[in-house]
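Shown next, in structure tokens, is the structure this report addresses.
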Amino acid sequence: MKKLIGIHRGAEAHWVGDGFPVRTLFSHQEFGPTVSPFLMLDYAGPAEFPPAEQPRGVGEHPHRGFETVTIVYQGELEHRDSAGNRGKIGPGDVQWMTAASGVVHEEWHEQAFTRRGGVLEMIQLWVNLPAKDKMSPPRYQEILAAQIPNVDLDGTGTARVIAGEFRGAKGPARTFTPITALDLRLQAGARVEIDAPEGHSTLVLVLKGQVATAGRTVGEAALAIFDRGGEGVVVEAAGDATVLVLGGELIDEPVVAYGPFVMNTQEEIRQAMQDYRSGRMGRLEPSA
Ligand code: MN
């Protein structure tokens, strides 16, 4: 079994743009290689938005050197980027955007959701890329709920396999390094054994309810962080719980981050700023 390092609760909420009231549940600044290949996770909501005319969100901004992964639990989002990708995602959908050499994008509440109002709950996860892939072309995977295998947990819930493998089911996300991402919806009596290989980071994030793992209780918006050594974790639920399990291989390279850029050296950060300013990461078409 993997050893539990600790249970971490996110910092106080802050706004990303005017659309996303988030709690940062972990960051590489705080946990370094322990959470690699993940860099950061923001948990937005659940927050109720009244009906409105103007979509809330984050306007045009760049990314380089990593991937942004958006998982929607409630509400609907809209996105478009300088590589020409556009998408709308709703509950159960995942947008896996590889910024790599650079994209400029914007992220908003979806139009109809804005007019209707309602609860928004989502996650944005930042996934690092190996140095050799940081300058590869951008890529965009829109993974709809219907494409994500749903593994029945012996009648005590389901595991949606977004990335990696669980009980023989393979997640649709294409990743640069080995990554596991499981969306668990648990009911009373659930006992889930997760492979969590030796050398992989393992993070158990509880969004709703509470679970027991490694002899400890993990409550809402809390994160259990496991050691890379050892193999396997077990998650048990005594009632309804929503849990995100993340894991992956270490990217054993320096991380130099500045805002929306995550590279390996200061020089590469300077280059990223210059490339963004000079339009080499592309531009958004003016909105209609
Ligand atoms: Mn972004």
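Only the coordinates and a few stated rules stand behind these numbers; no lab work does. All values derive from a computational prediction rather than experimental measurement. All Cβ positions, even for glycine, are placed from backbone atoms using ideal geometry, and neighbour counts span all protein chains on display.
Worth a mention:
- Length gained on full extension, ASN150 to SER278: 41.6 nm, using 0.36 nm per residue less the C-alpha separation.
- Angle in degrees between helix 266-277 and the longest Cα principal axis of the chain, rounded to the nearest 10: 50 degrees
- Each other residue within a Cβ distance under 14 Å of TRP108 adds +1 if Lys or Arg and -1 if Asp or Glu, for a net charge of -4.
- Per-peptide packing, taken as the mean over residues of other Cβ atoms within 10 Å, places 198-206, 32-40 in the sequence 198-206, 32-40 from highest down.
- GNM result for the chain, Cα springs below 10 Å: residue of GLY164, GLY155, GLY90 fluctuating most strongly: GLY155
- 10 °C / 1.306 mPa s Stokes-Einstein diffusion coefficient of the chain, Kirkwood radius on C-alpha pairs, µm²/s: 82 µm²/s
- Tail weight of P(r) past 16 Å, computed on alpha-carbon pairs of the stretch 215-288, percent: 70 percent
- Computed from backbone phi with θ = phi - 60° and the Karplus coefficients 6.51, -1.76 and 1.60, the 3J(HN,Hα) list for the stretch 156-172 is 10, x, 9, 10, 8, 9, 7, 9, x, 9, 8, 6, x, 8, 9, x, x Hz; x is used for glycine and proline.
- Calculated log₁₀ intensity ratio I(q)/I(0) where the Debye formula runs over C-alpha points of the stretch 105-175, q = 0.18, 0.22, 0.24, 0.28 Å⁻¹: -1.00, -1.13, -1.17, -1.27
- GNM flexibility winner over the chain from ARG115, ARG23, ARG160 (Cα, springs under 10 Å): ARG115
- The phi-based Karplus calculation (6.51 cos²θ - 1.76 cosθ + 1.60; θ = phi - 60°) puts the 3J(HN,Hα) values of the stretch 89-101 at 10, x, x, x, 8, 9, 10, 10, 9, 8, 6, 6, 5 Hz, whole numbers, x for Gly and Pro.
- Taking amide H positions as modeled 1.01 Å from N, with prolines and chain starts lacking one, the residues under 5 Å from GLY209 and 5 or more places away or on another chain are THR242.
- Listed pairs LYS3/LYS132; LYS3/LYS170; LYS3/LYS134; LYS2/LYS88; LYS2/LYS208; LYS3/LYS208 exceeding 29 Å between Cα atoms: LYS3/LYS132; LYS3/LYS134; LYS2/LYS88
- Signed unit charges on C-beta, dipole axis of the chain, positive-most listed residue VAL161, PRO197, LEU284: LEU284
- In sequence order, calculated HN-Hα J values of the stretch 138-149 (Karplus, 6.51, -1.76, 1.60; Hz; x Gly/Pro): x, 8, 9, 10, 9, 10, 7, 3, 5, 8, 9, x
- When the convex hull of its Cα atoms is projected in every direction, mean area for the stretch 29-109 (nm²): 6.4 nm²
- Model label sites at ALA13 and THR217, defined 7 Å from Cα along the beta-carbon direction, differ in position by 2.4 nm.
- Estimated FRET transfer efficiency when R0 is 25 angstrom, pair GLU193-LEU250 (beta carbons, to 0.05): 0.65
- Note on ARG174 and GLU231: the model spin-label points, each 7 Å out from Cα along the C-beta direction, lie 3.0 nm apart.
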